[in-house]
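The values are calculated or read from the model by the stated rules, or taken from the named source; none is laboratory data. Computed from a prediction, not measured in an experiment: that's the story for all the values here. Don't worry about glycine lacking a Cβ; one is built from the backbone with ideal geometry, like all the others, and counts go over all protein chains shown. Heads up: the accessible areas ignore ligands, DNA and RNA and are worked out on the full protein's heavy atoms, side chains in. Shrake-Rupley method; radii C 1.70, N 1.55, O 1.52, S 1.80 Å.
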Amino acid sequence: MKKVFVDGQEGTTGLQIREKLLARKDAQLLEIEPELRKDPARRAELLNSADVVFLCLPDDAAKESASLATNPSTIVIDTSTAHRTDDAWAYGLPELSPEHREKIKNSKRIANPGCHSTGFLLAIYPLIAKGIMKADENLVCYSLTGYSGGGKKMIADYKENLSKVKFESESVLASKPYALGLCHKHLPEMQKIANLAKPPLFNPVLGPYSQGMAVTVGLFPSMLSGMSFDDLRKFLSDYYKDSEFASVAAASENPAILDPTICNGTNNAKIFVFGNQEHGQITVVLDNLGKGASGAAMQNMDLAVL
């Protein structure tokens, strides 16, 4: 049985990881006393006595905890953005390539991907890696997500406002673009991990529902080295054919209206390709709290430990 410590279990991701760990028979959960939650000495003791540590903290606090974890046998999985572009850390999205998977399996430091980044990279990484798309393309990504990814305060605000909705005042039901300074914190990993020459134009949008997301990248035939969108669907289907958690929908499965919640409660990512002769898109649906956070963290733990 592996000893596991969640540093920051009070947040959304930490709570979900804790819940998943408590349901397992192969993990012993180490928990810090509430009054010592910010005590570096006590945290260091738990960090170094655990086989696996999950960091569910803001970036600066995650960096501090990582520095306190000095036991060379301890596997640290960071769910913050602090280490996602650090070459010393494995990037925790094993579906991207056999090389990514092996690095996760053999690393003691794993950076869990961002939820938006997960969808974007599942769509774009194979195209760049296999030379179908040029690294200097101008890409636009639109990502619709449930409000649960915004943390405790946003969840509480939405729940309160949704409970007060009246017919004459429905602004809370409207989808809301955000990060309009165009410098979202996921952009550095989206660019670096996809090996892009420049970051995409990224438009995240909050939907009036709790969880589930649909990440869309627009495409034109000129970007795809002569490949049709049907060819693209087949290419991606072949690329992910051995993946346990990522799959590509057949053309016959493409819905007229796409539900961003269809993967909720799972660690799955469903990839859709839409297109015609003029333009197309790849849309990746996942649970922002599952494959986009706690589900991916548990998957990475299983890869690194087993």
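Observations, loosely collected:
- Members of K130/K198; K105/K134; K63/K105 lying beyond 20 Å, as alpha-carbon distances in this model show: K105/K134; K63/K105
- Prolate/oblate/rounded call for segment 179-224, Cα gyration tensor, a/c under 1.5 rounded: oblate
- Whole-percent carbon and sulfur share, accessible surface of the chain, 1.4 Å: 52 percent
- Charge dipole (debye, nearest 20) of the chain; +1 at Cβ of Lys and Arg, -1 at Cβ of Asp and Glu: 200 debye
- Neighbour cut-off at most 12 other Cβ (10 Å), DSSP loop, trypsin sites (Lys or Arg not before Pro), segment 1-85: K25, K38
- Chain lengthening between D157 and S228 when straightened (0.36 nm per residue, less Cα-Cα): 21.1 nm
- Residue-normalised accessible area of the chain, given per residue in Å² at a 1.4 Å probe: 47 Å²
- The residues neighbouring D59, those whose beta-carbon lies less than 13 Å from its own, together hold a net charge of -2 under the Lys/Arg +1, Asp/Glu -1 convention.
- Simple label model, 7 Å out from Cα along Cβ direction - R101 to E31, nm: 3.6 nm
- Of K241/K270; K25/K241; K153/K176; K2/K291, pairs whose Cα-Cα distance is over 19 Å: K25/K241; K2/K291
- In summary, the helical segments of the chain meeting the span-like criteria, namely a full DSSP H run, a Cα extent along the axis of 20 angstrom or more and a mean Kyte-Doolittle hydropathy of at least -0.5, are 115-129.
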